[in-house]
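Presented below is the structure to which this report refers.
No lab work stands behind these numbers, since they all come straight from the coordinates. In this text, all values refer to a predicted model and were calculated from it rather than measured experimentally. Cβ placement follows ideal geometry from the backbone for every residue including glycine, while neighbour counts extend to all protein chains displayed.
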Ligand SMILES: Cc1cc2nc3c(=O)[nH]c(=O)nc-3n(C[C@H](O)[C@H](O)[C@H](O)COP(=O)(O)O)c2cc1C
């Protein structure tokens, strides 16, 4: 018997599936006058400008995963760089009189439901305290100054210097456009943002680990969002709290000391959150699902048994790691005449595999739960067809049993967990299951992220969020790898859930596709102009 919370989560999941004959419930039109502001501000706070990077950290693409050899000292400029390379702006775009900002991390519909927070020790010119990051101004808003015991564990004199990094979601920002399915997109976006932060930390030589034992209520208390007067339906919801340390070998604390948590809950908060919309609407199904998968306090996770796996060698990217982070964009159209080389394709998939102590998946401290079902269209040296990348070793047996019996399970490369299931032309099917989006069929390949689903969600409903988070992180790796190899990625949140399962022969809820992605050779739209990310701060 599943708990009522698990039933509520599964109900939400079923009801927000897109079907060929009926999309998940949404407004069905865009109420532009009511569009939520993508930038959260706390008016009345002390605002601390962060310097923009004069120079990017050195390092090639592999350093994103391995981490820089020398760690940057923790100071205001380093915090600025960490945020600029994770949650900062990447460009402004303009077309037809409209202008919009893009960020280092992608977001479904560019609506950006994710907000970032830091708890910092005293740094040069920054008092110790709780801050909200404002990417438009590249500035920190001081919500509360804090002393011992809240920030005691973060004192720069202690070894290693460390701070806390938190993410929240504003469901309304996504629901404005996507309705009930929006909760899923918020979770995916948070996964992208977490991976973006993990990569930025790696380039600075830092570690970033989730504080996995914390209850959501504790995270909300630390971030101050449980006692902030948000407008109704514009509330922020806790996603995660992570510990960032300048010593990559330092073991993360199992949790935060009780005294620190208690002190955090008593902090007096400054600042009034800005209104995001004239009329933010309620989406009760989202509220019910979010309540049902709120995380309680949990014991420290068991160590993740993972064999070390060497990096698959392949063609080097000429781009620096920081350049790749800054250039990441979603492809809007792909050139169907261009193929991706086999070696690049394999390297790109290799980087999505979890490895002990390697970014970004080391941040999770939990075994992988998501595998990739690939529709390969144009990879030179590989027959087009349906493939499976087994990211979670333990899934191979259950997937062999659960998927269509006709699949061949032919290894592509000895020792590499990629299998050819079925040869064929899957361009039409890939397009169809991705809500008829051309990019899913015009690229080199597209894929569905298949999570081991029902069993875990029934046992611990909050795992629903963890599965989407992992999918978002995989998406971030795919975006960066596509960019590194001169191609481009696009996250695909719109897909017909059960048509994907049918293509794989999957029945029931034991495995579910939670996110799609496509990679191709980009075709730029000449009508869109690109402007630098922080030109508007020139006069600051
Ligand atoms: C969770 C998620 C779902 C997305 N779904 C789609 C999609 O179905 N179709 C599409 O063309 N783009 C999709 N995108 C891409 C976003 O539209 C894109 O990230 C956003 O416009 C910002 O642009 P940028 O990625 O170039 O910064 C998705 C992105 C994310 C993160």
Query raised in the report: Given the C-alpha centroids of the range 12-55 and the range 398-438, what is the distance between them in whole angstrom?
Result: 33
Query raised in the report: Cα extents of the range 390-484 along the three principal axes, largest first, in whole Å?
Result: 39, 28, 28
Report task. Report, to the nearest 10°, how far helix 4-15 tilts away from the longest principal axis of the Cα atoms in the chain, using its own Cα long axis and a range of 0 to 90°. Result -> 60
**Report entry** Inverse of mean 1/r across different Cα pairs in the range 71-131, Kirkwood, Å
**Finding:** 13.7
Query - Hypothetical label at residue 425: residues of the range 331-346 whose amide nitrogen lies under 17 Å (7 Å Cα-Cβ projection) - result: 336-339
Report summary line: If N is the residue count of the range 263-400, its Cα Rg over 2.2 N^0.38 Å rounds to 1.51
**Report entry** Against the rule of thumb 2.2 N^0.38 Å, how large the Cα Rg of the chain comes out
**Finding:** 0.92
**Report entry** Range of Cα positions in the range 409-540 per principal axis (Å), largest first
**Finding:** 56, 38, 33
Query raised in the report: Spin-label point model (7 Å from Cα, Cβ direction): what's the residue 14 to residue 70 distance in nm?
Result: 5.9
Query raised in the report: If you take the C-alpha gyration tensor of the range 137-277, multiply each eigenvalue by 5 and take the square root, what semi-axes do you get, largest first, in whole Å?
Result: 27, 19, 14
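Let's test the formula: R0 of 22 Å, r as the Cβ-Cβ distance of residue 281 and residue 30. What FRET efficiency results, to the nearest 0.05?
Details: r = 13 Å, r/R0 = 0.59.
According to the calculation, E is roughly 0.95.
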Report task. Let me know the Rg and Dmax you get for the range 1-148 when you use only its Cα atoms, in Å. Result -> 20.3, 58
Query - Computed helical MRE - 222 nm, the chain, DSSP H runs ≥ 4 contributing -39500 (n - 2.57), nearest 500 - result: -8000 deg cm²/dmol
Query - Whole-percent pair-distance distribution, where bins are 5 Å wide, for the alpha carbons of the range 466-506 - result: 6, 19, 18, 19, 22, 12, 3
**Report entry** the range 347-362-the range 246-289 distance, computed between alpha-carbon centres (Å)
**Finding:** 28
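Work out how much length residue 94 to residue 536 would gain on full extension: take 0.36 nm times their residue separation and subtract the Cα-Cα distance, in nm to one decimal.
Working: separation 442, 0.36 × 442 = 159.12 nm, distance 1.40 nm.
Separation in residues times 0.36 nm, less the Cα-Cα distance, equals 157.7 nm.
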Report summary line: When all Cα-Cα pair distances of the range 237-323 are considered, the percent exceeding 15 Å is 83
Query - Pairwise centroid distance, computed over Cα atoms, of the range 59-123 with the range 206-231, Å - result: 20
**Report entry** Rounded tilt (10° steps) of 463-484 against the dominant C-alpha axis of the chain
**Finding:** 80
Report task. List the extent of the Cα atoms of the range 270-317 along each of their three principal axes, largest first, rounded to whole Å. Result -> 53, 38, 31
Query raised in the report: Could you list, bin by bin from short to long, the percent of Cα-Cα pairs of the range 330-520 in 10 Å steps?
Result: 10, 40, 39, 11, 0
